[in-house]
Each structure stands twice: as structure tokens, then as C-alpha cells.
Amino acid sequence: MRIQVIFMEFKKVNITLPMQLFEKSKHLVEQGLYSNFSDLIRSSLRKELKEEHQSLSKEDEWKRLVNELRAGLKNTELAKMSKAEILKRLRKTREEIYDEEYGQVHSHS
Amino acid sequence: MKSTAKSIVILDTNEFVFGLLGNQKYPALLTRSLNEFHQNFNFRVSRQIVKEVLGNIPKDYQKKFFDLINSGIIKYDDKPIDNNLLVKYQTYGLKKGDDVIAAFADKVNATILISENRHFLKGLKTKRFKVLSAEQFLKEVAK
């Protein structure tokens, strides 16, 4: 088995915090949730970077799916229709779904 | 920094259909850029709207559309509309089914309903939310 040792480089940073935020953070360290204040900051930054990464992935996924749907729908019957024809077709679908979902309760004039 | 209360925005079925076909300038631009606008707006979609889109695109693309809806940019509400709310919008003289969309916008406290439907754009008089076309939204709100 080969053991790989990873050396992490560290950078010392001075930060300025509002007193209230500092006091609340210190309380978390005192409760034992973090081994020290640096540990708390490192953990918070990792969490923030993870969320940012997930948010960016979501955005990329949206664009990818829109592009794929657009490429696929380009050659369909729907793409050959005019705007007015599509609106008319959507109206018909809307009414049909209305009848299915609400028709028994509501009679539309 | 996390943002606070974002405006809730509904896209009508026609915006998705035109947007995904890509042949109408503003709906195409809006749909493609929704992932950028979602930092400032909360987009919602209703059961009725999803069913209408699914009913108009070929079967081969229905799963992909569902993946799009579930990709995290839009929040999907699968619950039917409450009868009282539906009756309220029926009295506005909306066409069959348009009342369901307007009632949904009301239900989720939307501030904007985006639609190319002229009955909505000209006919719906409510102070609960604004009805804008994709062009109006892009030029006036999301600029």
C-alpha cells in the first residue's frame, strides 16, 4: 500500500469582525463545537464555498438542459407552427386540463 | 451574503414553450437566462403549467423538461388550486384555465406573472400581481 502525504500550505490572515459576531462565534468555540476560532472560520468558509459551488452547478445544469431541449425541439411539428397557432394549441390544452382537474367542481361559462 | 425576500415570479406555459423552441426573441432570452435571474427572483411553476408544457412537447423530451423543472432554479408546486381562490378569479371574467394560473399566482404571493397571453396582458385587473410579457419583464424589471 502506498501512503501519500499531502502538505497543506497555510496563510495567516487578520480579519476584522463586528463585536457581536465575534462574541457569538467565541461562544460556539467555548461550547466545544470548534477546537478554536481558526477552526470555526475554516469550517464556515468551506461551507460557504460548497454552497457557492452547488449554486453554480445548478445554473450550469439549467443552461445545459435548455440548450438540449432547444436542439431537440427544433425539428418537431411545434417548431413549424406560427406564434398564433401555438397559442391556439396551448389554449386547447389549457381547457382540456382544466376540465380534467376542475371540471367536476366548476362549470366555466 | 444571503439575499432577503426575493420577488416571486410565475412563467406562464407559453413562455416555456416559446422559450424552449427558441424562436420568439424575448421568451427565448428569458428562459435561457432564468438561471442568472434566479439570484434576484424566486421562480415558481404550477401543476397546471407543467401539465400543459408536457402535453405539448414530444414524449422524448418530457423527462428532460421535468429534469429542467427539478434542476433547482424553479420551485414546483404540485398541489391543485383551492376552490375559493379559483372562484375568486372566475369572477374576473378570465378564460377557462387562465383563472387557475391567476389563482396560483395569488396563492404563492407572486408579484409578477409573465405571459404572452393577451387575455392576461390586457384583461386581468388585479392589484395582487402584475402581468408582464417577457419583453416587458426583461426591459422593465430584470434590466
Expected max-MSF residue from A:LYS92, A:LYS74, A:LYS26 in the GNM of chain A (alpha carbon, under 10 Å) is A:LYS92
Distance in Å, no decimals, from the C-alpha centre of region A:15-54 to the one of region B:65-143 is 42
Footprinting proxy, B:THR111, B:THR13: sorted fewest to most Cβ within 10 Å, the residues are B:THR111, B:THR13
Taking r as the C-beta separation of A:PHE37 and A:PHE7 and R0 as 30 Å, the FRET efficiency to the nearest 0.05 is 0.80
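Using R₀ = 22 Å, calculate the FRET efficiency as 1/(1 + (r/R₀)^6) where r is the Cβ-Cβ separation of B:ASP78 and A:ASP99; round to 0.05. Walk me through the numbers on the way to the answer.
Working: r = 19 Å, r/R0 = 0.87.
Calculated value: 0.70.
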So for region A:1-73, using the alpha carbon gyration tensor with a ≥ b ≥ c as root eigenvalues (a/c under 1.5 gives rounded; past that, a/b versus b/c decides prolate or oblate), I'd call it oblate
For B:GLN136 and A:THR16, extending 7 Å from Cα along the Cα-Cβ vector and measuring point to point gives, in nm, a value of 4.7
Expressed in angstrom, Rg and Dmax over the Cα atoms of chain B are 14.5, 44
Listed residues A:GLU77, A:GLU61, A:GLU52; largest mean-square fluctuation, Gaussian network over chain A with Cα springs below 10 Å, found at A:GLU77
Out of A:VAL66, A:VAL29, A:VAL13, a Gaussian network model of chain A with alpha-carbon springs under 10 Å gives the largest mean-square fluctuation to A:VAL13
If amide H atoms are modeled at 1.01 Å from N in the peptide plane, then the residues at a separation of 5 or more from B:LEU11, or on another chain, having amide H under 5 Å from its own are B:ARG44, B:ILE114
Measuring from the longest principal axis of the C-alpha atoms of chain A, the long axis of helix A:19-30 (C-alpha) lies at a number of degrees, nearest 10, equal to 70
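Rule-based calculations on the coordinates, nothing more; no lab input. As the structure is a prediction and not an experimental result, all values here were calculated from the model. A quick note on method: Cβ atoms are made from the backbone with ideal geometry, for glycine too, and the neighbour counts reach across all protein chains shown.
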